[in-house]
Amino acid sequence: MAPVIAGFDHHRVPVADGVSLHTAVGGSGPPLVLLHGFPQTHLMWRHVAADLAADHTVICPDLRGYGAADKPAETDGTVYAKRTMAADIVALARELGHERFALAGHDRGALVAFRAALDHPGTISHLACLDVLPTLDMWEVMHGVTAAVGFHLYLMAQPPGLPERMIGAAPDAFFGHFLDIWTTDRAAVPPEVRAAYLAACRAAVPSIVADYRASAGVDIEHDRADRAAGNTLRMPVSVLQQDWGAALGFDAAALWRAWAPDLRHTTVDFGHFMAEEAPDDIAKALRDLLAR
């Protein structure tokens, strides 16, 4: 059987015309939405979600285009804009009866969470972002040969056609590459979970590429508009990330502080898949955030 988050119920929740998100829900108490990253599904939160469900209603969706969520065709750049995906999450919470909620995201999910917090400040009470920079900052710090670590960003930024064909020719090799190189503890992603991630990604190549393509286009435009307007995150924010700045030459905390006046920034020595490698630490960090 496919792995699941133990004790959670599963729902298909409509969030937009023709788009429903597969969602795992468990626990009771103040609502907390957890958004997964690449190349994963909501399953990445299995340990943290089970822990936090002791005192929160924990909601773990597959993002549009990923996992068992619907995967609308990329008819234009807005279909997988983080603004659109963030609106999905606000609609999801509302469908489940929550007008205001805390939000945490990892990797791609953190970019969706960041946009949700900027676009819906009255809805998001607390924000946690794991192992990302905001999209605009990410592109600005990538330069020279050090940018090779983000080769996939440039590949999936290309116009429709070539990246889908290249990735689709060997999807397990492509997605498995990131599961391997971004993990410091291989046991944190056991074979059955790895297989579930690869199967989900194999079935979602066009929509995953579209998500990344949006981050090389419309998502930058939205971030630039907010920066020009002086918009910042109004809620308490926690950021946990690896020390990318040491390798790429930037001050991650300073970049985040420009967006988040009420910021706690922590550099960690976990691998990228920190919710799986260090679930107790991540659950504690989220509880600390929610207590602010």
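The values are calculated or read from the model by the stated rules, or taken from the named source; none is laboratory data. Keep in mind that what you see is a predicted model, and the values were worked out from it rather than measured. Please note: Cβ atoms are built from the backbone with ideal geometry, for glycine as well, and neighbour counts cover all protein chains shown. These area figures cover heavy atoms from the full protein model, side chains too; ligands, DNA and RNA do not enter into them. Shrake-Rupley method; radii C 1.70, N 1.55, O 1.52, S 1.80 Å.
Pick out the one residue from G65, G37 that is under 23 Å from D288 (Cβ atoms), assigned to a loop (DSSP other than H, G, I, E, B) and open to solvent by less than 10 Å² (accessible area, probe 1.4 Å). Result: G37 is the single residue among G65, G37 that is under 23 Å from D288 (Cβ atoms), assigned to a loop (DSSP other than H, G, I, E, B) and open to solvent by less than 10 Å² (accessible area, probe 1.4 Å). Among the residues making up the stretch 228-255, those that are assigned to a helix (DSSP H, G or I) and out of contact with any Pro (no Cβ under 8 Å at 6 or more places or on another chain) are A228, A229, W244, G245, A246, A247, L248, A252, A253, A254. Figure legend. Inter-residue proximity from the stretch 202-215: first residues open to solvent by less than 10 Å² (accessible area, probe 1.4 Å), second residues modelled with pLDDT under 95, beta-carbon distance below 8 Å, spacing 6+ or different chains. Indicated pairs: A214/G77.
Going through (1) open to solvent by 20 Å² or more (accessible area, probe 1.4 Å); (2) of a type outside the set (F, W, Y); (3) without any contact (Cβ under 8 Å) to a residue 40 or more places away in the chain one by one, A116 falls short only on (1). In the stretch 138-227, counting only helices (runs of 4 or more DSSP H) that sit wholly within it, the ones holding 3 or more residues that are within 19 Å of the chain's Cα centre (by Cα) and modelled with pLDDT of 95 or more span 151-155, 171-181, 191-202, 205-214.
The residues of the stretch 155-182 that are touching a residue at least 60 places away in the same chain (Cβ under 8 Å), open to solvent by 20 Å² or more (accessible area, probe 1.4 Å) and either closer than 22 Å to G271 by Cβ or hydroxyl-bearing (S, T, Y) (or both) amount to a single one, W182.
Is there a residue in the stretch 233-242 that is open to solvent by 70 Å² or more (accessible area, probe 1.4 Å) and under 25 Å from A81 (Cβ atoms)?
Here is the first cut: in the stretch 233-242, the residues open to solvent by 70 Å² or more (accessible area, probe 1.4 Å) are 234.
Now drop any that are not under 25 Å from A81 (Cβ atoms), which leaves 234.
Scanning the stretch 233-242 turns up at least one residue that is open to solvent by 70 Å² or more (accessible area, probe 1.4 Å) and under 25 Å from A81 (Cβ atoms).
Within the stretch 264-288, the set of residues being outside any helix (DSSP H, G or I) and either on the phi > 0 side of the Ramachandran plot or crowded, with 19+ Cβ neighbours inside 10 Å (or both) comprises F270, G271, H272, F273, A278.
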